[in-house]
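S.K.: What follows is a single structure, and I will ask about it in a moment.
The values are calculated or read from the model by the stated rules, or taken from the named source; none is laboratory data. Computed from a prediction, not measured in an experiment: that's the story for all the values here. As a convention, Cβ positions derive from the backbone with ideal geometry for all residues, glycine included, and neighbour counts pool all protein chains shown. Accessible surface areas use protein heavy atoms only, side chains included; no ligands, DNA or RNA. Shrake-Rupley method; radii C 1.70, N 1.55, O 1.52, S 1.80 Å.
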Amino acid sequence: VEIYSLQVDCKVTSRFAHTVITSRIVNRANESREATFEVELPKTAFITNFSMSIDGEVYPGIIKEKAAAQNKYDSAVSQGQSAGLVKITDRKLEQFHVSVSIAAASKVTFELTYEELLKRQLGKYELLIKVRPKQLVKHFQIDVHIFEPQGIHFLETDSTFMTNELTEALTKEQNETKAHILFKPTLDQQKKNSELDETLLNGDFIVRYDVKREATAGDIQIVNGYFVHYFAPREMPVFPKNVIFVIDRSGSMTGRKIEQTRDALLKILQDLRQEDHFSFITFNHKVVEWKSSLLPATEENLASAAALVQTLTARGGTDISGALLAAVGVLDKAEGLPESSVSMIILLTDGQPTSGERNVEVIQENVQKAIHGKYALFCLGFGFDVSYKFLEKMALSNGGIARRIYENADAALQLQGFYQEVATPILMQIEMQYPENSIEGLTKNNFKLFFEGSEIIVSGKISNELDLLPVEIKAQSHTSNLTLKEEANVKEKEQVFQNQRYIFGNFIERLWAYLTIQQLLEKAISAQEEDQKALEAQALDLSLQYSFVTPLTSMVVTKPQQQEELANKPTEAG
C-alpha cells in the first residue's frame with residue numbers, strides 16, 4: 001500500500017488556523033489490503049470534517065451529539081466492529097487513526113480538517129504540524145499561509161528532523177502582513193540514505209511568530225458582523241509576587257520524579273525577582289513548612305532554599321488538603337509584603353490524597369473557602385496517577401489553571417516552562433467593556449491576572465448597525481489604575497479582509513464559536529451540577545451548529561459495508 005501524495009494545507013488568518021490534511025493511497029498489491037490514515041493534531045484543535053473517497057465514492061464523517069452517537073455505536077461494537085478513532089499521544093497531541101480495506105489496484109483519498117485558535121505563550125504563537133508518513137511519499141508538501149492584518153513582527157520555522165538537503169526544500173516568503181511557507185521535499189531529499197527507502201520525515205514541523213502591536217487598547221478585527229479583540233500590552237512594570245511552592249514528597253515521587261522536581265525548583269529559584277517573596281511547603285502524610293513566613297528573594301534566602309531543595313527525598317502518604325490549607329495560612333498571616341503584589345500557590349503532586357482529608361469534594365470546598373478569591377492556585381499533576389479532574393476543578397475555582405506534567409525526559413523543562421508563563425504578572429482585574437445594547441454572545445471579558453507574553457482575546461457579535469465600536473479596558477497595573485479607550489470603524493475594519501484569498505468563510509464567527517465552546521466547557525468544570533448541565537447544553541448546540549468534534553460531540557465515520565466508527569475528543573481528565 002503506497003501513500004503517493006500527502007498534503008498539509010494550513011491557512012492562519014488572524015491567529016485562527018484552519019488545517020486540511022489530504023492523503024492519497026493506492027493499493028499496488030493484487031489482493032485487498034488495509035489502508036491507514038494516521039494524523040497527530042494539537043489537543044487544542046477541534047476536528048471539523050473528515051471524509052474518505054474510495055474509487056470515487058465519498059464516505060463523509062457526520063458530527064452528532066456524543067450520547068446519541070455512542071448508543072448507535074455500542075450496538076455496532078457488540079457485532080464485533082472496532083473501537084474509537086482518537087486518543088491522546090503526548091502532552092501536546094492527540095492522534096486520529098482510521099483504516100479501511102481497499103481492493104487490489106484501488107485508490108483511497110482521506111481528508112481531515114481541524115481548526116484552532118493559536119494561543120500566545122511567552123511572546124509567540126506556535127503552529128505545530130506533526131510529520132510522520134512512515135514511508136517515502138512521491139508528492140509530499142506542507143503549505144502554510146499566514147495573514148495577520150496587524151503585521152508580522154517575526155517569523156521562524158523549526159523542525160526536529162531537518163537536514164541540509166531538506167532545508168533546500170523549504171521556502172519562506174514574507175511581507176508586512178503575509179507569510180507563505182512551503183516545504184516540498186523530493187523523494188531523494190526524504191531518504192535517510194541513498195541505499196535505503198527509509199524516510200527522514202519523522203517529527204515536528206513548527207512555525208512560530210508574533211504580530212506587531214501599535215494600538216495601546218489592543219487590536220479589533222471585524223468580519224460579517226462578528227468582532228475579535230486582541231489585547232497584549234507590553235513593557236509594563238511587573239507586580240512583585242508572593243509565591244508558595246507546595247511540593248509532594250510522598251513515596252510515589254521517589255526516583256526520577258523527585259530528581260526532576262529538584263532540578264526544576266533550583267532553576268525556578270534563580271528566576272525569582274528581587275522584589276518577590278517566597279516559601280516552600282513540602283508534604284507527605286506530614287506537612288512541613290520550611291519557614292513560618294514568606295521570605296524576600298535575597299541571595300542569602302535563595303541559597304538556603306536551594307540547600308533545602310537539594311535534600312528533598314520522597315516517602316510516605318499524601319496529605320494534599322493539609323498542605324494547601326497550610327499554604328493559605330502562611331499567606332493569610334504574612335506581614336511586610338509589598339502593598340501592590342500578586343499572591344499565588346503552586347501545587348505539584350503526583351497522586352491522590354491518601355492522608356488527612358481524602359474526600360476530594362470536601363478538599364475542594366475547604367480550599368476554596370480558605371482562599372476566598374484572595375490568591376491564585378495553580379495545580380500541576382505529575383504523571384497519570386493523579387486525579388486530574390480534581391486538580392483542574394480546584395485550580396479553575398481559585399483563579400488559576402491546571403497542567404499535566406508528562407513523565408518524560410523533559411519533565412523538569414515542563415515545570416520550568418509553566419513557571420515562566422506565570423512569573424511576570426503585569427495587570428490585575430482586567431475588564432474589557434463594550435456597548436451593552438449592541439453586542440450579543442460576548443465571550444469572557446474580565447480576567448483576574450494578565451501575564452507578560454500571553455494575550456487576552458474577547459469576541460462577540462455586533463447586533464445592530466454600528467458605525468463605530470467603542471471599547472474601554474480597565475485594569476490595575478503595578479503603579480496605577482489604567483483606563484484605555486479605542487474606537488473601531490466597523491466599515492474600515494470589514495474592508496481589511498475583503499478580497500483576501502487567505503480567508504476561509506466567516507473565520508471570525510468560527511473563532512467566536514471555538515472560543516465560546518472552550519470557555520463554556522472550562523466554566524462547566526468548576527460549576528454546580530445544574531449550571532454544569534446548562535453550560536454543556538449551550539456548548540453542545542454550538543458544537544453541532546459549527547460542526548466541531550468537542551468532548552460533547554462525536555463524529556460518526558461510515559465505511560464500506562455500512563461499518564461505522566466513532567471519533568471522540570479525549571480530554572486531559574479522561
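S.K.: Roughly what angle does helix 299-310 make with the longest principal axis of the chain, taking Cα atoms, 0 to 90 degrees, to the nearest 10?
M.R.: Roughly 60 degrees between the two axes.
S.K.: Per-residue HN-Hα couplings for segment 319-325, Karplus 6.51 cos²θ - 1.76 cosθ + 1.60 at θ = phi - 60°, whole Hz, x for Gly and Pro?
M.R.: With the stated coefficients, segment 319-325 comes to 9, 4, 4, x, 5, 5, 5 Hz.
S.K.: Something else about it: Please turn the phi angles of segment 6-20 into ³J(HN,Hα) values with the Karplus equation 6.51 cos²θ - 1.76 cosθ + 1.60 (θ = phi - 60°), one per residue in order, whole Hz, x for glycine and proline.
M.R.: 9, 10, 10, 10, 10, 10, 10, 10, 6, 6, 9, 9, 10, 10, 10
S.K.: Follow-up question, since we're still on this one. Any idea of Glu529's accessible area? Nearest 10 Å², probe 1.4 Å.
M.R.: Approximately 120 Å² of Glu529 is accessible to the 1.4 Å probe.
S.K.: For Val496, put the label point 7 Å out on the Cα→Cβ axis and report which residues of segment 219-256 keep their amide N under 14 Å from it.
M.R.: 219-232
S.K.: Hey, another quick one. Return one number: the angle in degrees, 0 to 90 and rounded to the nearest 10, between the long axis of the Cα atoms of helix 507-525 and the longest principal axis of the Cα atoms of the chain.
M.R.: Computed tilt is about 50 degrees.
S.K.: Only Lys, Arg, Asp and Glu count, each charged at its Cβ (+1, +1, -1, -1), so figure out the dipole size of segment 241-423 about its Cα centre, rounded to 20 debye. Walk me through the numbers on the way to the answer.
M.R.: Numbers: 18 positive and 22 negative charges, 68 e Å.
My answer is approximately 320 debye.
S.K.: Now a separate question. Can you flag which of Lys374/Lys485; Lys43/Lys389; Lys87/Lys267; Lys241/Lys333; Lys374/Lys474; Lys286/Lys333 are past 23 Å Cα-Cα?
M.R.: Values: Lys374/Lys485 28 Å; Lys43/Lys389 17 Å; Lys87/Lys267 33 Å; Lys241/Lys333 16 Å; Lys374/Lys474 20 Å; Lys286/Lys333 21 Å.
Long pairs (Cα-Cα over 23 Å): Lys374/Lys485; Lys87/Lys267.
S.K.: When the Karplus curve 6.51 cos²θ - 1.76 cosθ + 1.60 is applied with θ = phi - 60°, which whole-Hz ³J(HN,Hα) does each residue of segment 98-106 get, with x for Gly and Pro?
M.R.: Those phi angles translate into 9, 10, 9, 8, 10, 5, 4, 6, 7 Hz.
S.K.: From Cα pairs below 8 angstrom and at least 6 apart in sequence, can you work out the relative contact order of segment 234-280, rounded to a whole percent?
M.R.: Computed over segment 234-280, the figure is 72 percent.
S.K.: Would you kindly state how much longer the chain becomes between Tyr4 and Thr298 on full extension, computed as 0.36 nm times their sequence separation minus their alpha carbon distance, in nm to one decimal?
M.R.: Values: separation 294, 0.36 × 294 = 105.84 nm, distance 6.16 nm.
99.7 nm is the gain from fully extending Tyr4 to Thr298.
S.K.: If contacts are Cα pairs under 8 angstrom and at least 6 residues apart, what is the relative contact order of the chain in percent?
M.R.: Working: 1267 pairs, mean separation 99.9, N = 574.
Once normalised by length, the contact order is 17 percent.
S.K.: How far, in nm, would the chain grow between Thr313 and Ser32 when pulled straight, counting 0.36 nm per residue and subtracting the alpha carbon separation? Don't skip to the end; give the middle numbers.
M.R.: Working: separation 281, 0.36 × 281 = 101.16 nm, distance 5.78 nm.
Fully extending the segment from Thr313 to Ser32 adds 95.4 nm.
S.K.: Does segment 241-423 come out rounded, prolate or oblate by the C-alpha gyration tensor, with a ≥ b ≥ c the root eigenvalues, rounded set by a/c under 1.5 and, if not, prolate when a/b is larger than b/c and oblate if not?
M.R.: Working: a/c = 1.43, a/b = 1.10, b/c = 1.30.
Note, shape of segment 241-423 comes out rounded.
S.K.: Keeping all protein chains in place, calculate the accessible area per residue for segment 241-423 (probe 1.4 angstrom), answer in Å². Working shown, then result.
M.R.: Working: 7530 Å² over 183 residues.
With the other protein chains kept in place, segment 241-423 gives 41 Å² per residue.
S.K.: Which of these values of P(r) over Cα pairs in 10 Å bins from 0, in percent was calculated from the structure shown: (i) 3, 18, 28, 27, 16, 7, 1, 0; (ii) 3, 12, 19, 21, 15, 10, 7, 5, 5, 3, 0; (iii) 3, 15, 24, 25, 20, 10, 2, 0, 0?
M.R.: Recomputing P(r) over Cα pairs in 10 Å bins from 0, in percent here picks out (iii).
S.K.: Given the -39500 (n - 2.57) contribution per DSSP H run of 4+ residues, what per-residue ellipticity at 222 nm results for the chain, rounded to the nearest 500 deg cm²/dmol? Each step should come with its number before you reach the end.
M.R.: Details: 12 runs with 139 residues, N = 574.
Taking each H run of at least 4 residues, the total per residue is -7500 deg cm²/dmol.
S.K.: Taking a ≥ b ≥ c as the square roots of the Cα gyration tensor eigenvalues, with a/c under 1.5 meaning rounded and otherwise prolate when a/b beats b/c, else oblate, which class fits segment 1-156? It would help to have the intermediate numbers written out before the result.
M.R.: On the way: a/c = 2.34, a/b = 1.43, b/c = 1.63.
Cα axes put segment 1-156 in the oblate bin.
S.K.: With an 8 Å cut-off on Cα pairs and a minimum separation of 6 or more residues, tell me the relative contact order of segment 241-423 in percent.
M.R.: On the way: 348 pairs, mean separation 44.8, N = 183.
So the answer I get is 24 percent.
S.K.: To the nearest 10 degrees, how steep is helix 388-397 against the longest Cα principal axis of the chain, on a 0 to 90 scale?
M.R.: 60
S.K.: Determine the gain in length on full extension of the stretch Ser194-Glu259; use 0.36 nm per residue of separation and subtract their C-alpha separation, reporting nm with one decimal.
M.R.: Numbers: separation 65, 0.36 × 65 = 23.40 nm, distance 4.30 nm.
Going from the current span to full extension adds 19.1 nm.
S.K.: How do Glu57, Glu465 stack up against each other in accessible area, from largest to smallest, with a 1.4 angstrom probe? Walk me through the numbers before you get to the answer.
M.R.: Details: Glu57 105, Glu465 175 Å².
From most accessible down to least: Glu465, Glu57.
S.K.: If DNA, RNA and ligands are ignored and the probe is 1.4 Å, what is the ranking of His372, His153, His229 by accessible area, most exposed first? Please report the intermediate quantities before stating the final value.
M.R.: Numbers: His372 140, His153 120, His229 0 Å².
Sorted descending by solvent-accessible area, the residues read His372, His153, His229.
S.K.: Can you sort His139, His18, His97 by solvent-accessible area, 1.4 Å probe, largest first?
M.R.: Details: His139 100, His18 40, His97 70 Å².
Largest accessible area first, the list is His139, His97, His18.
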